[in-house]
Every structure is written in structure tokens, then in C-alpha cells.
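Readers should treat all values here as calculations from the given coordinates under stated rules, not as data from a laboratory. All values reported here derive from a predicted model rather than from experimental measurement. When we count neighbours, we look across all protein chains shown, and the Cβ atoms used for this are built from the backbone with ideal geometry, even at glycine.
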Amino acid sequence: MNTSLEVEYWVIDDDGELTPPESLADVSEYTEREFVEPLFELKTPPCGSIAELRTTFVEQLEAVLAEADRIDKGLVPLGTPINCDGIERRPGERGRIQREVLGSNFEYASYCAGTHLHFEKRNVTDQLNALIALDPALALVSSSPYYQGERVANSARAHCYRKEAYAEFPRHGQLWNYVESVGEWSRRLERCFEEFEEEALAAGVDGDAIAENFSADDVVWTPVRLRDEMPTVEWRSPDAALPSQLLRLADELYAVMETIHETNVEIGDGSRDDATGYVTGEGVQLPDYDTVFDLAGAAIGKGLESTPVVNYLDRMGFSVTDYHPIATQIGGRQYVTKSDARELRLEYASRLESDVEQLAATID
């Protein structure tokens, strides 16, 4: 099963200040700038195994870090910049339209850096439903509890998207319910696009501009998406994190996705004690959606401090004790000053470099 990884990292200078990526975005065809100035994205090509994904990802990071060293910049594996001055968005018609429709709440998205995992389309309905059910696994790599210095949730990024940026358009940013078919998923997307188009027109946006910049395929942020151009099923919930953490998560999620291809997948109805979800070689049971939604909320708010989340992820095949999320290591304060945030960014840029060195030493 082909799998690929996309990660957004903050770019900093030697003082820990956020800065544009400049030549980092030109290292290869898989590196590019993001929609805000200090954010950089690294993508892997589709990889046929986790071993190949690991090797490819590490080699790409080594090339990027070599260029970063040359131009005195660093990459920061945090879901938000912790605390900083205002972040400037790059000019673009798509962002302008989103700002017109979503209002000032859309600015929350400018402070978020995440990870996207892509899985080759196979039994797509089961894949969609499994990734919905596995949304609480975002707690395994949560990397920032802070939004502009304030502690808001174990995953401030997920909180900002789901509770703030799309507060007025919950269907565009929330975790969706299970589906019975791909056609049902497509119809949901069409309805969301129609809703967005209606609001954009009401806000005075030209219809041609909407058509040129948006489609049903890309109008929503939802944590699980179908991508026709890959073609993949995409999970977008995790924060940016250290490469070793993301590769561990990719490995275990890949195993679950392989299992659902080889066995029966059932959805519990919440009426039985055994309907709380599990993954075994003999079958996969996904909890009812209300249970998943509550667990996802606990994962965002409390992370691995939530016993129900930990127990659930263990049943779903994750080795929870092997994960040490950054958020739990830096989340002891209610407020972080801009000065302390710069120090944290410098610290975790250094940790990312060490992490990549250690990973590279394990690759033949």
C-alpha cells in the first residue's frame, strides 16, 4: 500500500524568531512554502512500505537541514509557534476569499502547523471510517498546548481549527460521521461547497473567483479527506512533531490500515459493552460515532492524560507507552512569554536536528 507524508515546520533564525523559508522551499520538488510566511512544507513521494517512507523522509530532511545550516535557519516541530508577533499571510486569492467568508476567526489557522498522512485508496469506505475512528490518535504526537502564549488544549492546533477557525462552519472543520459509501461522502462535499459558495456570494465575492479557487474536493479542512489527484485517503489531524514520532505513528497507523484491508470491519452501535472499538487479526470494530467524537475531544483537550483515550488507543493497536508527545513536556505553564517561546523554538529546532541524525544512523 503506497503511503506518503506531508509535514509543515516553522522556520526560525538564530534568535528563534520566525522567518520565511527562502531557499529551503527550493531544495527539491517536494519542498514548498505554505500559506503563511514562516511556514515550510516537506512532502514525500508515494512509498511502497514504511521502510521506504522512513528512508525517503530522513534523506529529504537531511538535505533540507543542510541548506538550513547554510543560511542560518532552523526547523521547528511544534503545532503552533507558542507565542509570537502577528503572522503574515502570503498574498493569494484563495486566502482572501476564505477570509471574506470565515471572517476574523480564519486567522487562527495562520498559527497552525500539522502533519498529513496519505494512504493509497483501496477499500475506501472502510478506510474513511477507520481514519474517523482513529482520530483520537492525534494525542500521540500533540506538540503544542499554546495559542499566542495561552494554554488552550493539549493540541492547540486541533482546537484552533475545530473550535475557532471554523466555528461558524462546523461541517467544514469538524470530524465527520461515518459513511456507508463513497457516494455519500461526495454528496457531503457537494453540500459543503454549495454552502461556502452561497456565503461567499453573499459576502460580495465574484462567482468566477470562487470557481477558479475552490471545488468540492478542496473547500473543507475536515480531518479526513479524499484526494482525487493522488489518489489517496488523507488523515490531517496530527500536529507537526519530531520526525521519529511521526514515523512511529505512520508505522502503527499503516498496520491498522493493512488490517482493515484483510479482515471484516464493523461499527458498534453503542448498545453493547464490547462496542468500544478494537483491532485484532480476526476483525476490526469501530466504536459508534458519538464515542469517537467524545474521545477525539478528550484527545484534543487532555491528550494522553485522558485514561479513556489511552485505553482506546491501546485497543486499536497503538503502543501508547512508546510515545512521549512534546505537548506533555512543555505544557506545564498556563502562559508562555514571547521570549520563552523563542527559547522553546530554538530548543526544538535543535532536537529536530538530533532526531534526524539518530534516524539517519539507523538507515542502511
Problem - Charge dipole (the chain, unit charges on Cβ, about Cα centre) - positive-most of SER110, ALA360, ALA200 - result: SER110
Handout entry: Gain on full stretching of the segment that runs from PHE35 to ARG94 - 0.36 nm per residue minus C-alpha separation
Key = 20.3 nm
Handout entry: Simple spin-label estimate for VAL182 and THR307 in nanometres, 7 Å along Cα-Cβ
Key = 4.3 nm
Fill in the blank from the handout: Residues meeting the amide H criterion for VAL36 (H placed from the backbone, H to H distance under 5 Å, 5 or more places apart or on another chain) are ARG90
Problem - Spacing of the two label points (7 Å from each Cα toward its C-beta) at ASP69 and ASP251, in nm - result: 2.5 nm
Exercise for the section: Step through the residues of the range 24-34 one at a time and calculate ³J(HN,Hα) from phi using the Karplus curve (6.51 cos²θ - 1.76 cosθ + 1.60, θ = phi - 60°), rounding each to whole Hz and writing x for Gly and Pro. Expected result: 4, 6, 10, 4, 7, 5, 9, 10, 7, 7, 9
Handout entry: Candidate values [x] 17.4; [y] 18.6; [z] 16.5, label of the one derived for mean projected area of the Cα convex hull in nm²
Key = [x]
Fill in the blank from the handout: Most exposed to least, judged by fewest other Cβ atoms within 10 Å, SER4, SER244, SER104, SER28 sort to SER104, SER28, SER244, SER4
Practice task
Quick one: compute the contact order of the chain, relative version, from alpha carbon pairs under 8 angstrom and 6+ residues apart, as a percent.
Solution key: 24 percent
Completion exercise
With +1 at each Lys and Arg Cβ and -1 at each Asp and Glu Cβ, the charge dipole magnitude of the chain around its Cα centre, to the nearest 20 debye, comes out at 780 debye
Exercise for the section: Please give the contour-minus-distance gain from GLN329 to THR362: 0.36 nm per residue of separation, less the Cα-Cα distance, rounded to one decimal in nm. Expected result: 9.3 nm
Completion exercise
If unit charges are put on Cβ atoms (+1 for Lys and Arg, -1 for Asp and Glu) and the dipole of the chain is taken about its Cα centre, the option from TYR161, VAL64, TYR146 lying farthest towards the positive end turns out to be TYR146
Fill in the blank from the handout: Computed about the Cα centre, the charge dipole of the range 84-127 from +1 Lys/Arg and -1 Asp/Glu charges at the Cβ has a magnitude in debye, to the nearest 20, of 160 debye
